[in-house]
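Report on the following structure.
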Amino acid sequence: MTSLLTIMTFTPLVGVFVLLFINGRSHNALRGLALAVTVVAFLVSLPLVTGFQNTADYQFVENIPWIATDAFQMHYFVGIDGISLWLVMLTTFIMPIAILSTWTAVEEKVKEYMICLLLLEVGMLGAFVSLDLFLFYIFCGLMLIPMYFIIGIWGGKNKVYAAVKFFIYTMVGSLLMLVALITLYFKAGGADFNITRFYALTLDPATQTWLFLAFALAFAIKVPMFPLHTWLPDAHTEAPTAGSVILAAVLLKMGTYGFVRFAMPLFPQATAQFTPLIATLAVIGIIYAALVAMVQEDVKKLVAYSSVAHLGFVMLGVFAMNQQGIAGGMLQMLNHGISTGALFLIVGFIYERRHTRLITDFGGLAKQMPVFATIFMIVTLSSIGLPGTNGFVGEFLILLGSFGSSLRWWSVIATSGVILSAVYMLWMFQRVMFGELNNPRNQTLTDLNAREIGIMVPLIVLIFVMGVYPTPFIAKMTPSIDRLITHVQTRQLALNAVPAAVQTPDHADCRQCPQ
Amino acid sequence: METLFFFVVAAVAVISGLLVITCKNPINSALSLIMTFFCIATFYVMLNAPFMAAIQVIVYAGAIMVLIVFVIMLLNIRSEAGRRGAHTTLFGSALGIFGLIELLYFLAKGGLTGSRGGLDAKIIEQFGHTELIGRALFTQFLLPFEITSILLLVAIIGAVILAKKNI
Amino acid sequence: MIPLHYYLVVSALLFSIGTVGVLTRRNAIVIFMCVELMLNAVNLTFVAFSNFLGSLDGQIFVFFVMTVAAAEAAVGLALMIAFFKNRESIDVEEMNLLKL
Amino acid sequence: MLEYVWLIPFFPLVGVIINGLFGKKIRNEAFIGGLATAMVASSFVVSCGILIQLIGMEPEQRVFQKVLFTWIQAGTFKADIGFLVDPLSAIMIMVVTGVGSLIHLYSIGYMHGEEGFYRYFTYLNLFTFSMLLLVLGGNMLLMFVGWEGVGLCSYLLIGYYFHKKSAGDAGKKAFVMNRVGDFGFLIGLFTIFWWLGTNHNVWTINFVELKQASELLPFGGVVTFATLCFFLGATGKSAQIPLYTWLPDAMEGPTPVSALIHAATMVTAGVYMIGRMNFVFIKSPTTMLVIACTGAATALFAATIGMAQNDIKRVLAYSTVSQLGYMFLAMGVGAFTAGVFHLMTHAFFKACLFLGSGSVIHAMHHALHHGHLHDDPQDMRNMGGLRKKMPITFVTFLVSTIAISGIPPFSGFFSKDEILWQAFSNPYHGTANVVLWAIGTIAACLTAFYMFRLVFMTFCGECRINPKVKDHLHESPLVITIPLMVLGLLATFGGFIGIPKLLGDLFGGIPNRFELWLEPVFEKSTEYAGQYAHAGTHYGHSVEGGLMLLSVGVAALGIGIAYTLYIASPSIPQRFTARFPGLHQAVYNKWYVDELYDFLFVNPCKALGRFLWKGFDVLVVDGIVNGVAAVVRGFSGVLRYTQSGFVHNYAMTMALGVVVILAFYIFR
């Protein structure tokens, strides 16, 4: 079953095609079909997990020459390994939930909305599975357009500003990446864009630095790292619920995934050289976003800044360059997708009821909507990273890993971020849920209906499952992470341009390593 | 003697040229333009191109100027402010003069080479200038000749449609 | 024999007078005439060179220039009449329909 | 029975799931309360079984590990869900489940009629589950899970009356301060893990393996840093000097919550953690000194504040902070056994005091409610003379007060005196010991004073309650008084299992069973301590006896002062406060520590956040982004004028173009 990936990636495209034929007025038919398509995509992606052997090499690989002119070859080269497996699953898992959540939210132009969502899914899946740098670039571009429309058309008040800002920010990044991509292409003898060939390539430190900077800037904008993050709060506050759920759950992971898949293995010396800088930006991002989130009046903006902080953690973990750090980083990407996705759904529920996002307009909802209160509490705890929930496992591993690597003092400062995250989340939770139920409009709010609970249940279950039993997730990642670390560190030592991170014991003699 | 004659004609041409752009009433400028055309015609004759001189006189002076004068009369344009604001005239003439200086500079630089085509006054008298041009037109330059005929046709149709009241 | 560059100087003079005329006059017809003047200056250069270089090409070209000038005159004047019809004047200052 | 140790935390978890999911629908209070209590009681039965089985075993083999499954496994780091049973954790599970089940029973009566009844019992069960995880955790990470779980439950339970803003704030404050402590715990954990790993290739966070690897740890240096971080965690959880302000505010929660969480179990987590990792702490004398000094300072500081409070629960809260100070003093001077012993006895009498105050408040609230009056049921000033109305509560309350003041036959005396003696005699810190002992004794006197002040103001003297509702005051129902009586008994007789050798020999060779019981757990620390302890003077029995008498005398002095001030001539306190208004005001307002924290930490954070957001985010970054857009728009604005639509303008530009090109050719 080698063509599994292609089927999965392009099922939504088939969905789009079928959607065109349904007339625009029967909204429920449109939504039903879109939901069906995404569920099919999810079902198609399940065998990926079951069939995935815990080895480091790429699986379900398909390599079909696509543009094969003599000078310039471009292959449709797709495959997944430990790193991209779970991100693909996250995408296919979140999409049906996102579509379910817009059942009543979007009323006008539903057909175009569904088409945008499905196109977005194609772009995301394609980007995660593609092992050809150019194909990755195409799918990155493909993702931008529907997201731009989603924010721009169905957004909030100054949606156009947010959409344009989002688009230009990301486009500048990807252009830089294109330039770096092409120089890399010529440096590698100009045959094709195959990743494995680029990995084998050893570049001199100077070009490595420049190429790394270009890639890093492109992905830093997507992550979003500290100075380049201002598009995220605007994009989130203006995007409709489904849009911001997907934006938070998957699009942000494109940046961190890009670092792990492309930037670090391709340019090991530059990675070592820039680790302190990027770690500093990540840590500033954590503290800065937490502080700024504390004083937000708009719930969605607060959650947006919280995801900047979370992703700061991921970057710190990934750049710790050891087994715990990267495993924690990858896991935290999944957790962030689930917990922040759930948070945006929750904000969406209260927005649909009250059409306001200001914290001061709420208060005392716990008495009025008890079921909603418990779900909101569980998700907040997962976002804070309370043990037993998924957030804790990821955060703990990141902090442990970065403490053990050369980023020791960065990790200490980042651990204080754990306190700040508790402060702003609980303060928000208290102002929204506890206190007097004095606002008359709040007194008439209805609790969650069956559909909304149906959306939240899988997320809550996942929060606890990943919190209590994360081993299957980590086991599937470990071999690929091992390969990445050995690949990067051997190159760093080989050219010994820069002293590598604290050398974790080589694999042979450590007792606990998974055999 | 001949150069003296040349200088006289040249002076007349330049003066009437200046008149064209200076006098207020368009009629005067039209007439002075006709005067310039005649001077250019005489130049053609002096350059052993009698047929061109004739064409010049007939086409330019005869046809186009008549048309212009006719239009001036038709629209009875009275002489009004003529020149535009001082600022633009100053700027316009400055540009013109500066352009002239540059052209003269290029002329002074010289370097006018080029092979002599083997045609000179004697052959023109022998065969007649018109026959030579006719032969050249219908052999070497047949295609451009046909194209210009189409051009004229298009111009005629255009003019008719434009000037007509609503069709 | 009058040396070539005398003719060139005269045509340069006429040409720049024509340019000045085009740039400074407000009346469309006069601008039109100045364009005619510039064309003639160029024709003069052509004929001067054809005579000096001894080949007929220059004069043939003048021939074509003249036809173009005639066609241009016809269309140009028709335009002016049409313009005059709905604007009562052919002052160049009013012709700003090119602007969006 | 040891095999089924995983059942102990499992039962409360079952209670949580059942009550949590179906509680709202069941709505029948007896069932919900009964189920929750039954769950904790069954855990208690299992822990008794384990205790008996442990007693039967040889002292050396009393360590049993039960691993369920691997929780996190990433590279060299491996943490599994595993439980560790040894004498220390046996005592702790007995205390937690024993006192816990009594408090669950008590809550059924106390929380009768509350609308969030099921929610309360779910949280209480969740709390017991987390505390058992903390106590039974086999490795540092599982202990941390319990550690934070307990912090969460205290947030939920303190904020139980969530419609009250003060309750919500108190809950949030408790959670954030615990989180500051957890920050320290995490850093300590990382340091130990990575230091042992990279230097000695021992990759473990399991307590038993750590104990074996503890020889590798140096004296001081990295161990001092790690243990100081752990101690920061302990102060957060057990409310010591820097991070204690959350405990008095935590009285916003229902009284049984305060009894369970803020007296018996959660606050002792810090002490337990130091006990559990004694072999690490003992390795850095500086940290031990820091712990001892903080403990003593907190004991004295909290006692001073406790004297001036009028809210019955606030007094008990500060007394808890002060007693915890004692426990940390014991730990600091290396007397781990004494610390744990005081922890156990404190759990008994403090739980009894809190429940007693709860029954008083319940009765007051009931009475005031009858008369529809709105004065505060917790304020001692409108209580008094409840002796006659609530005899059982009075007796149990009096017994526990005597115990806490350290009067001989009662448990408090044995444990507190042991701590004072260890502080005085053990050889670790040289001259500092005498100072510590002195502070401890003064604090003991203050404790006796404010505890008896509380008893006299609430139970003795004439009844200051609003006369209208005086006859509505009556004893609380049985379901409340039974736990009181049980705890009262435990408070009186609990001390005998740990009689110091001196008294033991007097009364015919009764051994200090408690010390023997915990001997194997702390043998590693006594061994290391021996390596660096100064050659302290060895004091004879006479000195020990003398000090014992002195501490009893000091306690009696405290009681006497309280008696004169509040019974004999009640006017003295007013005159005292009149003469020193400033001092009284300062003490009453908790030395303005809360305001200091707000000023130092809370407000600057908010201000910084606001500045960063408005200042940096909006102004600088967005400024640059929008600035670029504005610049582009500016340029295009200028260029727009060239497209004026006038033909002659275009002609002019063309001519200019020609001239420029020609000029270029000229000057090239």
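The values are calculated or read from the model by the stated rules, or taken from the named source; none is laboratory data. Predicted, not measured: the structure shown is a model, and the values here were computed from it. Here the Cβ is made from the backbone with ideal geometry for all residues, glycine too, and neighbour counts use every protein chain on show.
Looking only at the range A:451-478, count every residue that is under 27 Å from residue D:76 (Cα atoms), assigned to a helix (DSSP H, G or I) and more than 21 Å from the chain's Cα centre (by Cα) and tell me the total.
1
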Residue match in the range D:484-491 (condition: modelled with pLDDT under 80 and either of a type outside the set (Val, Ile, Thr) or not in a helix (DSSP H, G or I) (or both)): no
Of residues in the range C:1-48 being more than 7 Å from every other protein chain (Cβ to nearest Cβ) and outside any helix (DSSP H, G or I), the one nearest to residue D:657 (Cα to Cα): C:3
Qualifying residue in the range A:328-349 (condition: crowded, with 24+ Cβ neighbours inside 10 Å, within 24 Å of residue D:116 (Cα to Cα), within 20 Å of the chain's Cα centre (by Cα) and at the interface with another protein chain (Cβ under 9 Å from one of its Cβ atoms)): no
Of all residues making up the range A:1-37, the number that are hydroxyl-bearing (Ser, Thr, Tyr), touching a Phe, Trp or Tyr at 6+ places or on another chain (Cβ under 9 Å) and within 16 Å of residue A:125 (Cβ to Cβ): 3
Residue in the range A:388-409 that is more than 9 Å from chain D (Cβ to nearest Cβ), modelled with pLDDT of 90 or more and surrounded by fewer than 24 Cβ atoms within 10 Å (Cβ to Cβ) present: yes
Residues within the range A:202-227 that are of a type in the set (A, V, I, L, M) and without any contact (Cβ under 8 Å) to a residue 40 or more places away in the chain, tallied: 2
Given (1) farther than 19 Å from residue B:39 by Cα; (2) free of Cβ contacts under 8 Å to residues at least 40 places away in the same chain; (3) at the interface with chain B (Cβ under 7 Å from one of its Cβ atoms), index of the condition residue C:73 fails: (2)
Scope the range A:166-195; condition assigned to a loop (DSSP other than H, G, I, E, B), surrounded by 15 or more Cβ atoms within 10 Å (Cβ to Cβ) and among the aliphatic types (A, V, I, L, M); matching residues: A:188
Residues of the range B:70-91 classified as assigned to a helix (DSSP H, G or I), at pLDDT below 85 and either over 18 Å from residue C:26 (Cα atoms) or touching a helix residue (DSSP H, G or I) at 6+ places or on another chain (Cβ under 8 Å) (or both), total: 3
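At least 1 residues that are in contact (Cβ under 8 Å) with a residue 12 or more places away in the chain and either among the charged types (D, E, K, R) or closer than 30 Å to residue D:116 by Cβ (or both) in each: list the helices (runs of 4 or more DSSP H) lying fully within the range D:211-305 that qualify.
Counting at least 1 such residues, we get D:222-238, D:246-249, D:255-259, D:269-276.
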Test: residue in the range A:226-245 that is under 29 Å from residue A:93 (Cα atoms), surrounded by fewer than 17 Cβ atoms within 10 Å (Cβ to Cβ) and within 14 Å of chain D (Cβ to nearest Cβ): no
Check on residue B:156, in a helix (DSSP H, G or I) and over 14 Å from residue C:60 (Cα atoms): yes
Residues that are away from chain D (no Cβ under 14 Å) and closer than 15 Å to residue A:419 by Cα, drawn from the range A:265-311: A:283, A:310
Residue in the range D:209-229 that is touching a Ser or Thr at 6+ places or on another chain (Cβ under 9 Å), facing chain A (nearest Cβ under 8 Å) and not small (Gly, Ala, Ser) present: no
Options D:162, D:144, D:83; residue that is modelled with pLDDT of 90 or more and outside any helix (DSSP H, G or I): D:83
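Given the structure, is residue D:441 among the polar types (S, T, N, Q) and buried (at least 24 other Cβ atoms within 10 Å of the Cβ)? It would help to see each step written out before you state the result.
Working: among the polar types (S, T, N, Q): yes; buried (at least 24 other Cβ atoms within 10 Å of the Cβ): no.
Taking the combined requirement at face value, the residue does not satisfy it.
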The range A:154-190: number of residues that are closer than 17 Å to residue A:231 by Cα and in contact with a helix residue (DSSP H, G or I) (Cβ under 8 Å, 6 or more places away or on another chain): 19
Meets criteria (buried (at least 20 other Cβ atoms within 10 Å of the Cβ), facing chain D (nearest Cβ under 10 Å) and assigned to a helix (DSSP H, G or I)) for residue A:484: no
Residue check, residue D:312 β-branched (Val, Ile, Thr) and under 27 Å from residue D:362 (Cβ atoms): yes
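Would you pick out the residues in the range D:143-171 that are of a type in the set (D, E, K, R) and either under 18 Å from residue D:317 (Cα atoms) or buried (at least 23 other Cβ atoms within 10 Å of the Cβ) (or both)?
D:148, D:169
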Meets criteria (within 11 Å of chain A (Cβ to nearest Cβ), surrounded by 22 or more Cβ atoms within 10 Å (Cβ to Cβ) and free of Cβ contacts under 8 Å to residues at least 60 places away in the same chain) for residue D:90: no
Any hit, the range B:17-30, residues being assigned to a helix (DSSP H, G or I), surrounded by fewer than 20 Cβ atoms within 10 Å (Cβ to Cβ), in contact (Cβ under 8 Å) with a residue 12 or more places away in the chain and more than 9 Å from chain C (Cβ to nearest Cβ): yes
Those helices (runs of 4 or more DSSP H) lying entirely in the range D:367-470 with at least 1 residues under 24 Å from residue D:252 (Cα atoms) and of a type in the set (Asp, Glu): none
Residue in the range D:175-198 that is surrounded by fewer than 24 Cβ atoms within 10 Å (Cβ to Cβ) and not in a helix (DSSP H, G or I) present: no
Members of the range D:587-607 found to be of a type in the set (A, V, I, L, M), surrounded by fewer than 13 Cβ atoms within 10 Å (Cβ to Cβ) and either more than 10 Å from every other protein chain (Cβ to nearest Cβ) or assigned to a loop (DSSP other than H, G, I, E, B) (or both), listed by number: D:596, D:600
Qualifying position, being under 30 Å from residue A:399 (Cα atoms), surrounded by fewer than 23 Cβ atoms within 10 Å (Cβ to Cβ) and away from chain A (no Cβ under 14 Å), among D:65, D:61: D:65
